[in-house]
1. I'd like the Karplus ³J(HN,Hα) series for the range 34-44: coefficients 6.51, -1.76, 1.60, θ = phi - 60°, whole numbers in Hz, and an x wherever there's a Gly or Pro.
2. The range 27-106: which GluC sites (Glu not before Pro) are DSSP loop and have at most 10 other beta-carbon atoms within 10 angstrom?
3. Looking at the range 216-252, which trypsin sites (Lys or Arg not before Pro) are in a loop (DSSP not H, G, I, E or B) and have at most 12 other Cβ atoms within 10 Å?
4. Suppose a student asked you for the relative contact order of the chain, using Cα pairs under 8 Å spaced at least 6 residues apart; what percent would you report?
5. With springs connecting C-alpha atoms under 10 Å apart, model the chain as a Gaussian network and identify which of S159, S358, S19 has the largest mean-square fluctuation.
6. Return the lysines within reach of K21: Cα separation strictly under 19 angstrom, same-chain partners fewer than 8 residues apart disregarded; answer none if there are no such residues.
7. Which cross-chain or sequence-distant (5 or more) residues have an amide H under 5 Å from the amide H of W65, H modelled 1.01 Å from N in plane?
8. Hey, got the dipole for the chain? About the Cα centre, +1 on K and R Cβ, -1 on D and E Cβ, debye to the nearest 20?
Amino acid sequence: MAESSCVHGLRHQARCLTSVKASTEESQFLVGTVGTKDNGVCLLKYDDEQAEVKSIMYAHADEVWDIASCPADENLFFTVHSRVSENPRQKKVTLWRKPVWSQENDTSLVKVTRLEQEGIKRVLWDPVKENQRVVSFDPTHIRLHDLDPVSTTVSLDVSQTFASDPNSPSLREIQNAVWSPHEAAVVAVGDQCLAGWDLRSGESQFVRQKAHKSTIRTVDYNANKPHHVATGGDDAEVRIWDIRHLGEPIMTVSGHTHWVWSVAFNTFHDQLLLTSSSDTLVNLHNVVSVSSASYLRNEQVSDSTDADADAYWNSYTPTDGLICTYDQHEDSVYSAVWSPADTWTFASLSYAGRIVISQVPPDERFKIMGV
C-alpha cells in the first residue's frame, strides 16, 4: 500500500531512524548514515498537508549506528558512532546540538559532551526528567548517567542474564532496551530473554528465558498501559507481554517472514502497533484487545442499555488483526517510528537509505475515532 506515503532517498546506506521527540507541532525525523565516507545526520520535516518532505544533511565524520533525540529540546541528540576502520564494538557516544532550521547553510554539528564508555549500542533518554539523565547499554552492562555534569550513577552487569544457555543459537548479549514510561526501570532483550531492572535499587524485576524461539532484536513499552511490552525477534514473531505474568505472551502477532527489527506502539492510540522486518515490509497491526482502548469499549458497552449501541460496538469498532502492509522498501527495514506531532503519521527506514513516511489508512482512523 503506497497511497498516502512519501519517499525520500539518501546517498548512503543507513541503520538508524528516530522521531524528533520534542517537535510536537511538526513531524520531524533524524536518520544517520553508515557509508565509507561523507557520513551525516539527515533531518527530515514532513508536511502532511502538502505530502512533501524537506531535508537538511549535517556533516558527521563517523558512521552513525544509533540516534537518540532529546524529548525536551529538539536541537539536542546523541549519536552512537564509530570510524569506518574501527572495530564496531569500540563505538563512541556523543551529544550534539544542531543549528536551528533557519540556518540552512550551516551544516555543522556542535559537540556538547561525550559519554566516557566505549562499545555502547544505544542511549535512552529519561522520559520523565527529559534532558537530565540517560541510560546506555553495551553487550553486557546497563548504565544510568547524569548529564550535568556527566557522571555514571548506576552500573549493572547483566551479562549472566543473557548467557543462560551456551548451546543456544541466539546472540547471547543485550540487543535492545526501552526505558519504562511508567517508572524508573529498564526492560531489555537479548538472546531469547526478556528482562527488567529497577534503576533506583539496581535490582532485577523479572526474567523470562525463552521468550522467543531465537534472538530477540527489539522491544517497546506501551505508554498507555503499564506492565505491557512488545518484543520482536529472529523467529519472525512479535509477542506482547504482561510483565507481571510471564508464563505466556498475551498475544502473538504474525505477518513477517524474516527477522523483526523494530516494534512500536502508537503513544496515543496504543491499539496501533508498527513492526518492520528484514523481509522488506512494514506492517501496521491492530491489537485493540490488549490495549488501553479495550477498557473504553468495555465501559461504554456496560453502561449502555441501547441495543443499537451494542450492535455498533460489536460490528464497527476496530478488531485485532493486520490493518495493512507497506511495501515500498526493497531492503531490510531496520526501524519504524511514530511521529509525536501527528498520531497518524509514521516513518520507516531501510538499509538502502530509503525513508518512507506513511499514514494510517483513513478507514481505520474513522473506526478508532468512532465516526
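1. 10, x, 6, 7, 6, 6, x, 10, 9, 9, 10
2. Values: sites: E49, E52, E63, E74, E86, E104; in loops: E49, E74, E86, E104.
For GluC sites (Glu not before Pro) across the range 27-106 that sit outside H, G, I, E and B with at most 10 neighbouring Cβ atoms in 10 Å, the list reads E49, E104.
3. Taking the range 216-252 and a limit of 12 other Cβ atoms within 10 Å, the loop trypsin sites (Lys or Arg not before Pro) found are R244.
4. About 14 percent, as a whole number.
5. Fluctuation is largest for S159.
6. Excluding near neighbours in sequence, the set is K45, K54, K98, K129.
7. Those lying under 5 Å, H to H, from W65 are V80, H81, S82.
8. Value, rounded to 20: 1220 debye.
Quick note: the coordinates plus some simple rules give every number you see, no bench work behind them. Computed from a predicted model, the values in this text were never measured in an experiment. A quick note on method: Cβ atoms are made from the backbone with ideal geometry, for glycine too, and the neighbour counts reach across all protein chains shown.
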